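What follows is a short report on a single structure.
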């Protein structure tokens, strides 16, 4: 029972830490890394510009969400 | 010391200092209300746990996880963490979110701790637990930054030393200024650290996933400049729209 409570606490902490109130960032970063990996596997390893631009879009989207909510 | 190592040390120092200020607020509240012995013992026990976590996970990850896998995971974590910090700091700088007020947090903690009855004359359990929990929770974020930046760059010792230096500086400042923690420019520090975390996250996450950056490590400077410009433009734009919205609602 103690182990289960401990694991639940650790799981909750990890969720709050990584996802928290910005799920769009956690999900977005995961999706971006997979896209970059697929691009480089298909011979587009030189597409270095994609990740910074996609991160920019992700940040602007999250800022828009945050400013609309407040 | 190379430029990259210096940037890593600065990023870890900044992140650790921000978290250390938050932890110190809790330790001071526990110390003033429940006694210094339990508060300091709680903080010490938590610091010990954090050192063990860095030592155990650090060496295990270096030994058993391939560097490219490590960089993808670490890069993703840094990006998530950095974007969260940057987002929060931009919203605070542009007035969309209230700034972190250490004095208000301190008052709330003191009020809460003063209401708990004492159990005996010896060590105070509440003071110990509150202090332990505060330092451990704030410290885990530091551990994450130390491990991610330290392991990806191959300079775990530098990252750990920078974190320890930040804790010592903040603790020293805490002793001198006592409760005037609101003077710390926390949002500016958060903005700077967020920028560095996003920069390293993009670099290592991309490299681990197969991106070949032009100019190798020099690309870090380009990324940092690009994100700094983006942050500056975002703060300016949001400050203007926020001001117009507030004026419109007052009219």
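Coordinate-derived values only; no laboratory data. This one's a predicted model, so the numbers in the text were calculated from it and none came from an experiment. Note that we place each Cβ from the backbone using ideal geometry, even for glycine, and neighbour counts take in every protein chain shown.
Between the helical axis of A:2-18 and the dominant principal axis of chain A, each derived from Cα atoms, what acute angle in degrees is found, rounded to the nearest 10?
The answer is roughly 30 degrees.
Any chance you could get the radius of gyration and Dmax over the Cα atoms of the stretch B:8-61, in Å?
Just the Cα atoms of the stretch B:8-61 yield Rg and Dmax of 13.7, 41 Å.
Let me confirm one metric for peptide B:74-83, namely the mean number of other chain beta-carbon atoms within 10 Å of its residues' beta-carbons.
6
Determine the shape class of the stretch B:1-101: with a ≥ b ≥ c the square roots of the Cα gyration tensor eigenvalues, call it rounded for a/c under 1.5, and otherwise prolate if a/b is greater than b/c, oblate otherwise.
Because a/c hits 1.5 or more and a/b fails to exceed b/c, the stretch B:1-101 counts as oblate.
Which order, highest average first, do B:106-117, B:134-145 follow once you tally other Cβ atoms within 10 Å for each residue and take the mean per peptide?
B:134-145, B:106-117
For the stretch B:157-243, what's the radius of gyration and Dmax over Cα atoms, in angstrom?
Just the Cα atoms of the stretch B:157-243 yield Rg and Dmax of 17.3, 49 Å.
Arranged from highest to lowest average of other beta-carbon atoms within 10 Å per residue, in what order do the peptides B:86-97, B:192-203 appear?
Order by mean packing, descending: B:192-203, B:86-97.
Please give the direction-averaged projected area of the C-alpha convex hull for the stretch B:206-251, in square nanometres with one decimal.
Result: 4.2 nm².
Where does helix A:23-41 land angle-wise versus the long Cα axis of chain A, in degrees 0 to 90, nearest 10?
40
Bin all alpha-carbon pair distances of the stretch A:21-69 at 5 Å intervals from 0 and give each bin's fraction as a whole percent.
Result, from short to long distances: 5, 20, 27, 20, 13, 8, 5, 2, 0 percent.
Kindly rank B:232-238, B:56-62, B:34-40, A:3-9 from highest to lowest mean number of other beta carbons found within 10 Å of each residue.
Averaged packing, sorted descending, gives the order B:34-40, B:232-238, B:56-62, A:3-9.
Angle check, please: helix A:50-69 long axis (alpha carbons) against the longest principal axis of chain A (alpha carbons), in degrees 0 to 90, nearest 10.
Taking Cα atoms only, the helix is inclined about 50 degrees.
Return the average number of partner chain Cβ atoms within 10 angstrom of each residue Cβ along peptide B:231-239.
Partner Cβ neighbours, averaged per residue: 2.
What Kirkwood Rh does the protein assembly as shown have if only Cα atoms enter the pairwise 1/r average? Answer in Å.
Result for the protein assembly as shown, one decimal place: 20.9 Å.
Looking only at other chains, what is the average number of their beta-carbon atoms within 10 angstrom of each beta-carbon in A:48-58?
The mean count of partner-chain Cβ atoms within 10 Å per residue comes to 6.
Using helices alone, I'd like the mean residue ellipticity at 222 nm for chain B: each DSSP H run of four-plus residues gives -39500 (n - 2.57), total over residue count, nearest 500.
Calculated mean residue ellipticity at 222 nm is -29500 deg cm²/dmol.
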